[in-house]
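Everything on this sheet refers to the single structure shown next.
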Amino acid sequence: MLLNKEITEQLTEITAKDRVLLNEPLKAHTTFRVGGPADVFITVKSIKEATETVRLLLAHGLPYKVIGNGSNILAADSGYRGCIVCIGMDHINVSGTSVTAGAGAMLSKTAYLAYENSLSGMEFASGIPGSVGGAMVMNAGAYGGEMKDITSYVTLLDTESFGIVKLASGMMDFGYRTSIVRKRPYIVLEAEFELDRGDKADIKGRMDELSQKRREKQPLEYPSAGSTFKRPEGYFAGKLIEDAGLKGFSVGGAKVSEKHSGFVINTGDATAADIIAVIRTVREKVHECSGVMLEPEVVMIGDIEP
């Protein structure tokens, strides 16, 4: 990556010196806890910073990727030759039955604040380990709920016009683990959720119930990126993997969870290459056994192919 001193100084002027990191290991910023160094890792904390940072990178032809909490990302062992732009706007505001959150706000924190204000509808998201921005990109969901069910508006940066776009939920093209952000040059900046008044004890009860289910059924004690594969229509990925005899299958430090076969976990010293080897084997064996080709849900960053 062609990053000279002048560009580095411009980036620090846009953000702050301690938020422009060189050769920053991505394993420190992903829940899989794997990944080599990014040439530059920039955290932006306002719409202005996000806009000016991306404008500068594009003006110099520098490649970049946008991340939030890194909870759905597998970064290559060789890292990323370019800039990682981490969205750090984490404000959360409640007004009546509406909750507005910055793209960098954690879903769990947003859901908890909704509960504290006796607002119901976000309980399903209380245990999803991602940011609001990532949840908008992939229409995150769990236990029968999806972000599209509660989203009223999303504020985005158009990286072609550099205008700020506000789209109603119906314009977001939400689908299963996808949205318009995966098809257009948009970066999520903020989202607004419309919730319902509810009984605080009932809301907390539902959140606790779902939390207990997660602890019982998901390997939360290990680093992972959540569900590794998308759910194929008419099937469950975990069941297909288990039926293919791959429960507990491992390569190096990467392993198909014995608690939930839909999760590939890092048992402690996995590399991205280990994880990819497990993913490839799972896809091949499941296809042989069932004719179904599983599609990874995790987003790959760097020189890496599923």
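Where a number appears in this text, it was derived from the coordinates with a stated rule and is not lab data. All values derive from a computational prediction rather than experimental measurement. Cβ atoms come from the backbone with ideal geometry, glycine included; neighbour counts cover every protein chain shown.
Excluding ILE92 itself, calculate the net charge of residues whose Cβ lies under 13 Å from the Cβ of ILE92, where each Lys or Arg counts +1 and each Asp or Glu counts -1.
-3
Take the Cα of GLU209, step 7 Å along the line toward its Cβ, and report every residue of region 118-139 whose backbone nitrogen sits under 20 Å from that point.
Residues passing the 20 Å test: 118-128.
Between ALA28 and THR281, what FRET efficiency follows from the Cβ-Cβ distance if R0 is 30 Å, with the result rounded to 0.05? Working shown, then result.
Numbers: r = 28 Å, r/R0 = 0.92.
Plugging the Cβ-Cβ distance into 1/(1 + (r/R0)^6) gives 0.60.
Residues of region 197-239 with backbone nitrogen within less than 14 Å of a virtual label 7 Å along the Cα-to-Cβ line of THR178, please, listed as ranges.
Once the point is set 7 Å along Cα→Cβ of THR178, 230-233 turn out to lie under 14 Å by backbone N, inside region 197-239.
How big is Rg to Rh over region 5-87, alpha-carbon atoms, Rh as the Kirkwood inverse-mean-distance radius? Show your work: numbers first, answer last.
Details: Rg = 12.0 Å, Rh = 12.6 Å.
When Rh is taken as the Kirkwood radius, the ratio is 0.95.
Considering only DSSP states other than H, G, I, E and B, which GluC sites (Glu not before Pro) in region 227-298 qualify as loop sites with at most 12 other Cβ atoms within 10 Å? The partial results should precede the final answer.
Numbers: sites: GLU233, GLU242, GLU258, GLU284, GLU288, GLU297; in loops: GLU233, GLU258, GLU297.
In loop regions of region 227-298 (DSSP not H, G, I, E or B), the sparsely surrounded GluC sites (Glu not before Pro) are GLU233.
Rounded to the nearest 20 Debye, what is the dipole magnitude of the chain about its Cα centre when Lys and Arg each give +1 and Asp and Glu each give -1 at the C-beta?
So the magnitude is around 220 debye.
Before rounding to the nearest 500, sum -39500 (n - 2.57) across all DSSP H runs of length at least 4 in the chain and divide by the residue total; then give [θ] at 222 nm in deg cm²/dmol.
So the helix-based figure for the chain works out to -8500 deg cm²/dmol.
Restricting to bridges with both residues inside the chain, how much of the DSSP beta-bridge set is antiparallel, in percent to the nearest 5?
75 percent
Just want the answer: with Cβ charges of +1 for Lys and Arg and -1 for Asp and Glu, which residue in MET172, VAL44, ILE241 is farthest toward the dipole's positive end in the chain?
ILE241
Work out how much length ASP158 to ILE92 would gain on full extension: take 0.36 nm times their residue separation and subtract the Cα-Cα distance, in nm to one decimal.
Between ASP158 and ILE92, full extension yields 21.5 nm more.
Please check: in the Gaussian network model of the chain (C-alpha springs, under 10 Å), which one of GLY134, GLY234, GLY175 has the largest mean-square fluctuation.
GLY234
Compute a Gaussian network model of the chain, connecting alpha carbons closer than 10 Å, and tell me which residue from GLU123, GLU160, GLU190 fluctuates the most.
GLU160
What is the spin-label model distance, in nm, from LEU3 to LYS247 if the labels are put 7 Å beyond Cα along the C-beta direction?
4.5 nm
When all alpha-carbon pairs of region 40-175 are counted, what percent fall beyond 23 Å?
36 percent
From the mean inverse distance of alpha carbon pairs (Kirkwood) and the Cα radius of gyration, derive Rg over Rh for region 114-204.
That ratio is 1.01, to two decimals.
Grab every C-alpha pair in region 10-57, bin the distances at 10 angstrom width from 0 up to the longest one, and report whole percents.
In order of increasing distance, the bins hold 27, 48, 25, 1 percent.
Which value, in debye to the nearest 20, gives the size of the charge dipole of region 92-216 about its Cα centre, when Lys and Arg are +1 and Asp and Glu are -1 at the Cβ? Before the final figure, lay out each step's value.
Numbers: 14 positive and 16 negative charges, 63 e Å.
Using only the charged Cβ atoms, the result is roughly 300 debye.
Can you tell which of SER224, SER95, SER71 shows the greatest fluctuation in a Gaussian network model of the chain with Cα springs below 10 Å?
SER95
Treat every Asp and Glu Cβ in region 49-136 as -1 and every Lys and Arg Cβ as +1, leave all other atoms uncharged, and give the resulting dipole magnitude about the Cα centre to the nearest 20 debye.
Dipole magnitude for region 49-136 comes out near 240 debye.
Looking at region 5-87, what % of its DSSP beta bridges pair antiparallel, to the nearest 5?
Working: 5 of 15 bridges.
Taking every DSSP beta bridge within region 5-87, about 35 percent pair in antiparallel fashion.
Quick one: TYR176, TYR222, fewest Cβ neighbours within 10 Å first, how do they rank?
Details: TYR176 12, TYR222 18.
Listed from fewest to most nearby Cβ atoms, that is TYR176, TYR222.
Using every Cα-Cα pair within the chain, state what percent have a distance larger than 34 Å.
Result: 23 percent of Cα pairs exceed 34 Å.
Kindly point out which whole DSSP H helices in the chain project their C-alpha atoms 20 angstrom or further along the helix axis while averaging a Kyte-Doolittle hydropathy of 0.5 or above.
Helices passing the filter in the chain: none found.
Neighbouring Cβ atoms within 10 Å as the yardstick, rank VAL165, VAL251 fewest first. Before the final figure, lay out the partial values.
Numbers: VAL165 15, VAL251 19.
With the fewest neighbours first, VAL165, VAL251 line up as VAL165, VAL251.
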